[in-house]
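Right, one structure below, let's go through it.
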Amino acid sequence: MRSSRKSLCATVVALLLALQPLLAQFKPALPGYHYEFPRDYFNHPDSQTEWWYYTGNLQTTNGRKFGFELTFFREGVKRSDGDASSWDVRDLHVAHFAVSDLDGKKFFHTERINRSGPGIAGADTSLQKVWNGNWSVVWKDGGEKLSAIAEQFTIDLTLRSQKPVVIHGQNGISKKSAEEGRASHYFSETRLRASGRLEIGSKQYNVTGLAWMDHEFFTQQLDANQEGWDWFSLQLDDNTELMLFNIRRKDGSVNPYSAATFVDAMGNSRQLRMQEFELEPLGSENWTSPKTHATYPIRWKIRVPSLGIDLEATTELPAQEISDDSRVVPSYWEGAIILTSAKSVAVRGAGYLEMTGYDHKLKMP
C-alpha cells in the first residue's frame, strides 16, 4: 500500500511538472484586492496555490497537553474548461494531519494527495466546506467543525472565533518581494476557542484550548534569492496575538519584506515592518531530523520593542517535522511551542512555529 501511494505521488508530481508552462494562466496577487466573507474562506481558482492551515494547543481537564495541525493545500495545474471531465487533474489537493503528544513525547503525522475528482477533494462556498477525503473543515452554526481520521489518530473539534478576521499586509496583499506579484492574499483567525475530542490508538481524550487558522492564496511568492521562512503564530495569556515571519535569503540575510501583525485584546490589528521586531534563533538548541538530516533551530528570541514584547519560544517536543512523501510540499518543521517572558511583568502563552527551506531550499517559479 505504501509503495503504491508513492507511485501515485510520483505520477502526479511528474504531471504537475509537465504542465508547468500552463501556469501563466493563473493570476498573481496584486494590490487592491477587497476581501469578502464568507466567500474568501473558500476556493480561489485564479490563484495557482492556496492553503488553509489549522494549528492549535489543546489540553485535557487533568492537564495533559497536545498540539495539532490540519492543513489543506490546493495546487492549480490548469484552469477548467467547460468540456473537462471530473477526473481531469485541474487541481492537486494535498493535506497534512499531525498530532503532538507533548507529555507523551510522541509525534504522529500523515499526509494524503488527491485530484478534485467527483467530490473527492475541494473547497466549496455552497457547501461551506474545505475537504480532502474524510478530512474536512465545515463552517456551520457560527463555528467551524474540524475533523480528520487517520490510522493511529483522529481529531474532532468545534472552533469558535473570539475575534474578527485579521487581514495581513497592506492594500489587500502581503508582499514577499519587491517584484510585482511576489505576494499573497493572506488572512487569519487568530483566536479560535477549541473543544472536542482527540483519539490516539485506543485512548480518547476530551480536550479544550486555542487554535489558529491561516488562509493564503497566490500565484508567486518567493523570488530566486529567497530560500525559506520562519513563521510564528503566538497566542498570549493577556488575550493578544502576534504573527511574525522572516524570509531567509540565500546569502544568509533576512528579506526586508519580512513582516508581522499584532492583534490587541479587542481584536484591533497593527502591521509591523521588519525593522520593528526581532526574530533570533538561539543556537544553543537545535534538532536534526533523522529522516531528512535537516537541522532546525528550536529556541528563539522574539522582541517587539514598541509593544514591550520580549519573549523566548521553545518546544517540549523537538521532533515535529512534516516530511511529505509526494515532495509536492517540501519537508518542513511545524510544531507546538511555549512562550515565556524575559521581562519582569510575566506574559506567557503558546503558539506554533513553522520552518521551511532547511531540508531542500524552496524553489519558486
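The values are calculated or read from the model by the stated rules, or taken from the named source; none is laboratory data. Remember, predicted model here, so these are calculated numbers, not experimental data. Reconstructed Cβ throughout: ideal geometry from the backbone, glycine too, with neighbour counts over all protein chains shown.
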### Task
Output the number of the condition that ASP251 fails; it satisfies all remaining conditions of (1) surrounded by fewer than 21 Cβ atoms within 10 Å (Cβ to Cβ); (2) in contact with a Lys or Arg (Cβ under 7 Å, 6 or more places away or on another chain).
(2)
### Message
So, in region 150-161, how many residues would count as being out of contact with any Asp or Glu (no Cβ under 9 Å at 6 or more places or on another chain) and either of a type in the set (A, V, I, L, M) or over 17 Å from ALA98 (Cα atoms) (or both)?
### Response
1
## Note on the structure
Among residues of region 73-86 being over 16 Å from GLU216 (Cα atoms), surrounded by 11 or more Cβ atoms within 10 Å (Cβ to Cβ) and of a type outside the set (Val, Ile, Thr), the residue modelled with the highest pLDDT is LYS78
## Note on the structure
Of (1) closer than 16 Å to ALA313 by Cβ; (2) at pLDDT 95 or above; (3) out of contact with any His (no Cβ under 9 Å at 6 or more places or on another chain), MET243 satisfies every one except (3)
### Task
Spot the failing condition for ALA194; the list is (1) surrounded by fewer than 17 Cβ atoms within 10 Å (Cβ to Cβ); (2) in a strand (DSSP E or B); (3) touching a residue at least 60 places away in the same chain (Cβ under 8 Å), and only one is missed.
(1)
### Filter pass, THR158 being in contact (Cβ under 8 Å) with a residue 40 or more places away in the chain and more than 17 Å from the chain's Cα centre (by Cα)
no
#### Entry: Selection within region 184-206 - under 18 Å from the mean Cα position of the chain (by Cα) and at pLDDT below 95
none
### Message
List pairs: first residue in region 28-50 and part of a loop (DSSP other than H, G, I, E, B), second residue surrounded by fewer than 18 Cβ atoms within 10 Å (Cβ to Cβ) and charged (D, E, K, R) anywhere in the structure, Cβ distance under 6 angstrom, at least six positions apart or on different chains.
### Response
ASP46/LYS27
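Return the residues of region 214-261 that are among the aromatic types (Phe, Trp, Tyr) and within 18 Å of the chain's Cα centre (by Cα); say none if nothing qualifies. Reasoning before the result, please.
So in region 214-261, the residues among the aromatic types (Phe, Trp, Tyr) come out as 217-218, 229, 231-232, 245, 257.
Hits for region 214-261 are PHE217, PHE218, TRP229, TRP231, PHE232, PHE245.
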### Message
Let me confirm something: among ARG270, ARG248, which residue is closer than 25 Å to SER184 by Cβ, without any contact (Cβ under 8 Å) to a residue 24 or more places away in the chain and either of a type in the set (S, T, N, Q) or in a strand (DSSP E or B) (or both)?
### Response
ARG270
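Restricting to region 218-243, name every residue that is of a type in the set (Ser, Thr, Tyr) and either assigned to a strand (DSSP E or B) or surrounded by fewer than 19 Cβ atoms within 10 Å (Cβ to Cβ) (or both). Explain how you work it out, then say what you get.
Narrowing region 218-243 to residues of a type in the set (Ser, Thr, Tyr): 219, 233, 240.
Matches in region 218-243: SER233 only.
If the requirement is being within 19 Å of TRP51 (Cα to Cα), at pLDDT 95 or above and among the small types (Gly, Ala, Ser), which of these qualifies: GLY209, GLY172? Even if it seems obvious, please write down each step before you answer.
Values: GLY209 fails: within 19 Å of TRP51 (Cα to Cα).
Result of the check over GLY209, GLY172: GLY172.
Has region 291-307 got any residue that is assigned to a loop (DSSP other than H, G, I, E, B), in contact with a Lys or Arg (Cβ under 6 Å, 6 or more places away or on another chain) and at pLDDT below 95? I'd like the intermediate steps shown before the answer.
First, the residues of region 291-307 that are assigned to a loop (DSSP other than H, G, I, E, B): 291-294, 298-299.
Narrowing the set further to residues that are in contact with a Lys or Arg (Cβ under 6 Å, 6 or more places away or on another chain) leaves none.
There is no residue in region 291-307 that is assigned to a loop (DSSP other than H, G, I, E, B), in contact with a Lys or Arg (Cβ under 6 Å, 6 or more places away or on another chain) and at pLDDT below 95.
If I ask for residues that are hydroxyl-bearing (Ser, Thr, Tyr) and within 15 Å of ASN132 (Cβ to Cβ), which ones from region 96-110 would you list? Write out each step before concluding.
Taking region 96-110 and keeping what is hydroxyl-bearing (Ser, Thr, Tyr), we get 100, 110.
Scanning region 96-110 gives a single hit, THR110.
Sort out which residues of region 125-148 are touching an Asp or Glu at 6+ places or on another chain (Cβ under 9 Å) and either modelled with pLDDT under 95 or hydrophobic (A, V, I, L, M, F, W, C) (or both), and write them in order of number.
Here is the first cut: in region 125-148, the residues touching an Asp or Glu at 6+ places or on another chain (Cβ under 9 Å) are 130-131, 137-138, 144-148.
Selection gives VAL130, TRP131, VAL137, VAL138, LEU146, ALA148.
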### Query
What tally of residues in region 279-292 results from selecting those that are more than 21 Å from the chain's Cα centre (by Cα) and either among the β-branched types (Val, Ile, Thr) or more than 22 Å from ALA319 (Cα to Cα) (or both)?
1
### Task
For residues that are farther than 21 Å from VAL77 by Cβ and in contact with a Ser or Thr (Cβ under 6 Å, 6 or more places away or on another chain), scanning just region 97-128, find the one that is surrounded by the fewest Cβ atoms within 10 Å (Cβ to Cβ).
PHE107
### Message
So ASP264 passes all but one of these: (1) under 26 Å from ARG39 (Cα atoms); (2) in contact with a strand residue (DSSP E or B) (Cβ under 6 Å, 6 or more places away or on another chain). Which condition number does it fail?
### Response
(2)
